[in-house]
1. Please report the spacing between the Cα centers of region A:411-463 and region A:124-141 in Å, no decimals.
2. If one computes the Cα centroid of region A:197-256 and of region A:296-313, what distance in Å separates the two points?
3. Residues with beta-carbon under 11 Å from that of A:PRO183, excluding A:PRO183: net charge, scoring Lys, Arg +1 and Asp, Glu -1?
4. Can you give me the long-range amide H partners of A:VAL295? Hydrogens built in the peptide plane at 1.01 Å from N, cutoff under 5 Å, separation of 5 or more residues or another chain.
5. Extending each Cα 7 Å along its Cβ direction at B:ALA22 and A:VAL485, get the distance between those two points in nm, one decimal.
6. May I ask for the net charge around B:LYS61, where only other residues with Cβ less than 11 Å from the Cβ of B:LYS61 are counted and Lys, Arg are +1 while Asp, Glu are -1?
7. Calculate the translational D of the protein assembly as shown in whole µm² s⁻¹ from Stokes-Einstein, where the hydrodynamic radius comes from the Kirkwood formula applied to all Cα pairs, the temperature is 25 °C and the viscosity 0.890 mPa s.
8. How would you rank A:LYS108, B:LYS92, going from fewest to most other Cβ atoms within 10 Å of each one's own Cβ?
Amino acid sequence: MSANQWTIAAARDALRKGEISAVDLTMSCLTAIDAGDALNAFVHKTPEIALEQARAADARLASGAAPAMCGIPLGIKDLFCTRGVPSQAASNILQGFRPEYESTVTAKLFEAGAVMLGKLNMDEFAMGSSNETSAYGNAVNPWKVDDRMLTPGGSSGGSASAVAADLCLAATGTDTGGSIRQPAAFTGIVGIKPTYGRVSRWGIVAFASSLDQAGPMTKTVRDAAIMLQAMAGHDPKDSTSADIPVPDFEAALTDDIRGRVIGIPREYRMDGMPAEIEALWSRGIEMLRDAGAEVRDISLPHTKYALPAYYVIAPAEASSNLARYDGVRYGHRAKLAAGDGITEMYEKTRAEGFGPEVQRRIMVGTYVLSAGFYDAYYNRARKVRSLIKRDFDLAFEAGVDAILTPATPSAAFGLGEMADADPVQMYLNDVFTVTVNLAGLPGIAVPVGLDAQGLPLGLQLIGRPWDEAQLLNYAHVLESRAGFVAKADKWW
Amino acid sequence: MAIDIDTARKVAKLARIRVEEADLPRLAGQLSGILGFMEQLNEVDVTGVEPMTSVTPMRLKRRADVVTDGNIQAQVLKNAPDAREGFFAVPKVVE
């Protein structure tokens with residue numbers, strides 16, 4: 001096994017014992033990245049920064065006081081602003097943008113000694129479920145069962161592809177409606193979206209500010225615990241980040257879940273759900289029951305309305321957040337014709353800079369916020385959001401500790417297969433994940449099995465607010481019992 | 001609710017995104033589809049329900065109203081497509 005295939009936990013231990021240097025570990029990943037161009041996961045490579053950080057990590061390791069993430073090579077989603085390094089949210093409108101500042105998450109990771117290998121592909125402004133809206137072109141899933149190239153999911157598709165293909169040990173992702181959990185499930189890796197407010201959003205390009213959260217995408221649940229530890233915590237620069245203590249996530253992985261109550265929401269058993277997903281879910285239920293958990297049927301009655309509420313609220317917030325891309329302060333500005341004024345500059349710049357899905361969402365958001373429709377759409381959606389959150393509150397008050405659901409309604413699909421579909425068809429990918437963002441809860445996707453074609457399938461666990469520690473523990477039980485060790489056959 | 005071509009044109013204008021006349025029918029169709037999907041929300045009884053303003057029940061932090069940053073004009077202008085003499089430059093605005 002070459003070093004790029006290691007987990008964070010294994011690399012941490014080997015680095016501390018001096019069995020490998022951070023420079024050699026980083027070189028192993030850089031070699032894998034250069035051999036992995038067919039995946040189109042890394043869109044800006046930063047080998048010089050990586051080696052400089054790795055050398056600093058080696059010095060720190062030699063001093064004997066290195067944190068867990070010291071020397072760990074990571075990929076960073078393009079949505080994170082990284083100082084001096086292109087950060088364009090996979091959009092042409094941010095072409096050439098090199099931030100003069102560092103996002104809080106990357107700053108914390110670098111302070112902990114982590115190494116940045118480069119920036120990762122994603123859907124434009126994180127709007128998509130297949131990584132097909134990216135200005136960099138599609139990222140490709142390392143899993144392949146026939147001639148078709150498959151989507152790694154989205155929006156954190158490059159992150160998922162890079163981790164699943166062992167181009168890096170782990171990656172950052174962000175999740176507004178499922179953008180960490182769906183690609184994790186499509187590629188057979190682990191992805192956790194923390195409680196809203198657990199991780200600072202400062203320096204992350206905003207999509208829908210009341211829903212966005214960053215989280216780790218890793219090979220194992222233990223790695224997710226280690227990396228989330230380094231990412232989480234209060235940040236005075238994000239007024240919505242919670243000023244509460246961050247527990248020791250790795251220490252919570254006791255595998256003791258006896259007597260814990262796992263809720264199974266009947267509304268997630270959708271009409272037309274593939275039998276394989278249904279069977280996977282039943283297997284997951286059995287695994288948790290075998291480990292001593294009490295499994296209880298529950299009802300989350302407003303589940304059906306989560307997707308339409310999400311597709312009002314997220315575009316509304318996006319239309320406001322993306323108003324800043326006007327060709328004045330950063331990024332692309334359209335070439336103007338003689339006599340063009342400032343309005344033409346805005347309109348041409350935004351038409352050239354934004355891709356079709358982003359344009360659509362901005363316009364939907366503009367419409368639902370416009371005079372005359374604000375109450376009918378936006379306020380109604382926010383009321384439904386309150387009801388969705390109340391469904392979860394009631395379940396937790398009744399003693400439920402966590403909720404088990406499928407992560408996605410299908411395995412990874414072929415790139416281009418949805419090209420002619422109605423935009424709403426693509427939105428259905430998020431059916432099991434958006435509720436969690438609307439309610440601000442932590443959710444984690446864990447790989448549990450392969451479908452008949454041989455593609456990975458995942459389950460989702462949803463936790464109580466701020467209870468990532470126990471959520472990771474449940475996920476660890478599921479992971480150990482599922483024993484998912486399959487890797488994509490290397491074709492790239 | 002179906003979006004007609006005039007509404008699509010108006011929304012594009014409000015969003016400051018240029019859409020060619022020939023592309024408006026397709027856009028109107030797509031927006032109608034998406035908004036049609038949202039019509040399901042009308043089935044929900046929201047009587048007496050407060051619209052959510054904050055997903056976690058917390059009061060926003062406050063800090064003293066003092067300058068915490070500044071004197072970084074060069075950094076602020078660094079990424080501007082057109083910056084001159086310490087300012088962002090835009091086409092002439094005559095109202």
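Computed from the coordinates by the stated procedures, all read-outs in this text should not be read as laboratory data. Remember, predicted model here, so these are calculated numbers, not experimental data. Backbone-built Cβ (ideal geometry, glycine too); neighbour counts: all protein chains shown.
1. If you average the Cα positions of each part, the centres end up 15 Å apart.
2. What the calculation gives is 24 Å, centre to centre.
3. Once all neighbours under 11 Å are counted, the net charge is 0.
4. Amide H neighbours of A:VAL295, under 5 Å, 5+ apart: A:ILE262.
5. With each label point 7 Å from Cα toward Cβ, the separation is 5.9 nm.
6. Details: positive: A:LYS237, B:ARG59, B:ARG62, B:ARG63; negative: A:ASP235, A:ASP238, A:ASP243.
Counting the neighbours of B:LYS61, the net charge comes to +1.
7. Values: Rh = 24.2 Å.
In µm²/s, the coefficient is 101.
8. On the way: A:LYS108 20, B:LYS92 6.
Placing the least packed residue first, the sequence is B:LYS92, A:LYS108.
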